[in-house]
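The values are calculated or read from the model by the stated rules, or taken from the named source; none is laboratory data. Predicted, not measured: the structure shown is a model, and the values here were computed from it. Every residue, glycine as well, gets a Cβ built from its backbone with ideal geometry; the counts of neighbours run over all protein chains shown. Calculation scope for accessible area: heavy atoms of the full protein, side chains included, ligands and nucleic acids excluded. Shrake-Rupley method; radii C 1.70, N 1.55, O 1.52, S 1.80 Å.
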Amino acid sequence: MHISAQDSSAGADLPRDWIQVEVAAHKAKPGPLLPILHSIRNRLGYIPEAAVPLIAEGLQITRAEVHGVISFYHDFNTHPVGRNRLQVCRAEACQARGCRSLEAHAQETLGIGYHQTTPDGEFTLEPVYCLGNCATGPSVRLNDDIHGRVTPKRLDALLDQATTQPLTLQPLAEEPES
Amino acid sequence: MTRIYVPRDTTALSLGANEVAEALKQACADRDIDLVRNGSRGLFWLEPLIEVETDRGRVAYGPVTSEDIPALLDEGLLDGQPGHPLYQGPTEEIPYLKSQQRLTFERAGIIDPVSLDDYIHHGGYVGLRKALAKTAQEIVDEVKTSGLRGRGGAAFPAGIKWQTVLDADARTGSSPYSKRKFIVCNADEGDSGTFADRLVMEADPFMLIEGMTIAGLAVGADTGYIYLRSEYPVAHQILNEAIATAEAEGYLGDNVLNSGKAFHLEVRLGAGAYICGEETSLLDSLEGKRGQVRVKPPLPALKGAFGQPTVVNNVLTLAAVPFILAEGGEAYADYGMGRSRGTLAFQLTGNIERGGVVELAFGHTLRELLEDYGGGTASGRPIRAVQVGGPLGAYMPESQWDTPLDYEAFSEVGAVVGHGGIVVFDDTVDMLDQARFAMEFCAVESCGKCTPCRIGSTRGVEVIDRIRNNEHRDNNLILLEDLCDTLEDGSLCAMGGMTPNPVRSALQYFPDDFHRDSTTASQATSEEA
């Protein structure tokens, strides 16, 4: 099977056997594609292009169908993401509590726009439309933790905590575990 | 032994509840305490709200931070003493909670959400046992009697939907699912300003599991799916834990409570697409496709998940079912007004002093909620606009705040009750920005199937930008009205069809914001800017 070697970030390190096992494990259940994609995303942080033919073959659907599903959903990035994923809520209830200035602060502090990753690979910044924390906005989600009443100062502290606490000695060009 | 409750719902956690729990554990290492992680009572302005069990009932303190723990203990926290400024008195006596009519949220914050014993001890699974003694038709009749309408926003009578699925012939479906029917819970609560579904799942998940099991018995479905948005990681974990427990204890599985009836339940995660809260998109997504809207007919009740007859109901709709079966449909119908029966969980959000869940019978006014419960804005400035019913709901000016909260009364003034979300804005809001955001949101989240929604939303953003910049403003205002007509009349579903609601209401009730000198037009900012 052809695996796109051009995709330097994914081609070589793709846990190919693991993906095949994952596809086989979900195959029998009704509507297996989203559970498979979530499983890959949970492990790698994104869906490498090279996973597409493996999934297509496993489920006996076309690559176009797999690609169509991946590209439809905001959760499924197709490029590697930072070690931390920061989502800033942009929806109305958070707007009423100042999220427009919070998102400007996040972009300025990290020096990136939405859907971008900081050059050191620490943070990927994403918009999110509602975290269901609307009585205590503005809210952000940093990885799996949701934070409420986030002021610019509190956001700085959260970002600081995320970079200084774990794995500060990790080499810059680290690879996804396989 | 002293029992202390520290909530674990998303909002409490977002404000440091885990740190509070940790600080309590450390400070009480040599004392005999039983720390329970309950769900939230929904009084979010007081979170983290910790409670201590005393002879006088549970006593509340909030909002507590981990730094408050030493002083709270010194002031007699473990005995429920009133010394500390965070003392709120007996929880049940807090007026915000005491005056509510809690049916669906009766147990929220009281029980440990993943304790089946707690659930049963507080009246859980009475409805399922009664349902098991009834025929399918009798269960459906009970739901019809209750007058329960879909709580997701569309307010379709639940009993009629269930009847359609019960009567549907499942054999016409294609293999491998023929002869089967499904129960699908729409837990893709994407509307900004709503969190009632989340609170049910995080504070009382067995109620939803029980409601879906009863729905399965009512229509003859042996499998249910909870389609949960991926933005709710806490709910995901709690639901999975509760489902595993229900399976282990015989409340789910091949032989529910030894009745010979099967019901299996699985949580499926969405992937960050707002449109998947629309029931037909949800079904396509559940099937592993792009979450695109289907053309109706066929109705999902006849041809839903995997081509089979399917009940698709919102979390709150299904969560109301155990009460209806336990207490009878009449008991539920006793609440409410007109054709809006029962209660609705209103969610006070945005710039509000006392935000949270307020479950009341239909018929109270918006002003009562904003003033008596909400206490005005958090910023202390006057309220200017209130968006009710999510991002597709209208912005309501003060002249409409005396409208009774009832599906039909709201409809008469061009507004929607929807899922009960109420987002409050103070007088710093720029309504042109809000109208622009409605179009922008539609452009980001449109499934792309129909042209008015896919293209019209982007054109809407551009037209509003021209209005802001005073480029042929009068003509562009006419164009915007025309575009709203096109979206409303030509879209396949509510996403495109209702995006004009916030745009038109902003135009109609806040026209000044669309006629500013372009050099002074400002971006809306809040008091924190």
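For this structure, a couple of remarks:
- Summary of the geometry: region A:20-34 and region A:54-92, compared by the centres of their Cα atoms, lie 16 Å apart.
- Cα gyration tensor shape for the protein assembly as shown, rounded if a/c is under 1.5, else prolate or oblate: rounded
- Database note for the protein assembly as shown: Cys without another Cys beta carbon under 4.7 angstrom, A:C130, A:C134, B:C28, B:C185, B:C276, B:C442, B:C447, B:C450, B:C453, B:C484, B:C493.
- Looking at chain B, the DSSP beta bridges with both ends there are about 55 percent antiparallel.
- Rounded, prolate or oblate (a/c below 1.5 giving rounded, otherwise prolate when a/b exceeds b/c) for region B:116-332 by Cα gyration tensor: rounded
- Structural descriptor for chain B: relative contact order 13 percent, calculated from alpha carbon pairs under 8 angstrom and at least 6 residues apart.
- Cα gyration tensor shape for region B:335-426, rounded if a/c is under 1.5, else prolate or oblate: prolate
- Other residues with beta-carbon under 13 Å from the beta-carbon of A:P127 carry, at +1 per Lys or Arg and -1 per Asp or Glu, a net charge of -2.
- Note on B:T451 and A:A24: with the Förster distance fixed at 51 Å, the Cβ-Cβ geometry gives a FRET efficiency of about 0.80.
- Given a 1.4 Å probe and the protein chains as shown, B:H364 ends up with an accessible area of around 50 Å².
- Local electrostatic count at B:R459 - Lys and Arg +1, Asp and Glu -1, tallied over other residues with Cβ under 14 Å: -3
- Label-point separation in nm, B:H472 to B:D30, each point 7 Å along Cα→Cβ: 8.1 nm
- Given their separation in residues at 0.36 nm each and the Cα-Cα distance between them, A:D120 and A:R63 gain 17.2 nm when the chain is fully extended.
- Span-like helix ranges in chain B, DSSP H, alpha carbon extent 30 angstrom or more, Kyte mean at least 0.5: none
- Exposure check, 1.4 Å probe, all protein chains in place: A:H105 carries approximately 50 Å² of accessible surface.
- In this structure the protein assembly as shown gives 38 Å² per residue of accessible area when probed at 1.4 Å with all protein chains present.
- Solvent accessible area, Å² - B:I352, 1.4 Å probe, full protein context: 10 Å²
- In a DSSP loop and with at most 12 other Cβ atoms within 10 Å, the trypsin sites (Lys or Arg not before Pro) in region B:20-104 are B:R31, B:R56.
- Expressed to the nearest 5 percent, the antiparallel share of DSSP beta bridges inside region B:116-332 is 10 percent.
- Look at the alpha carbon pairs under 8 Å that are at least 6 residues apart: their mean separation over the length of region B:335-426 gives a relative contact order of 34 percent.
- Heavy-atom accessible area ranking, 1.4 Å probe, most first, across B:E22, B:E330, B:E231: B:E330, B:E22, B:E231
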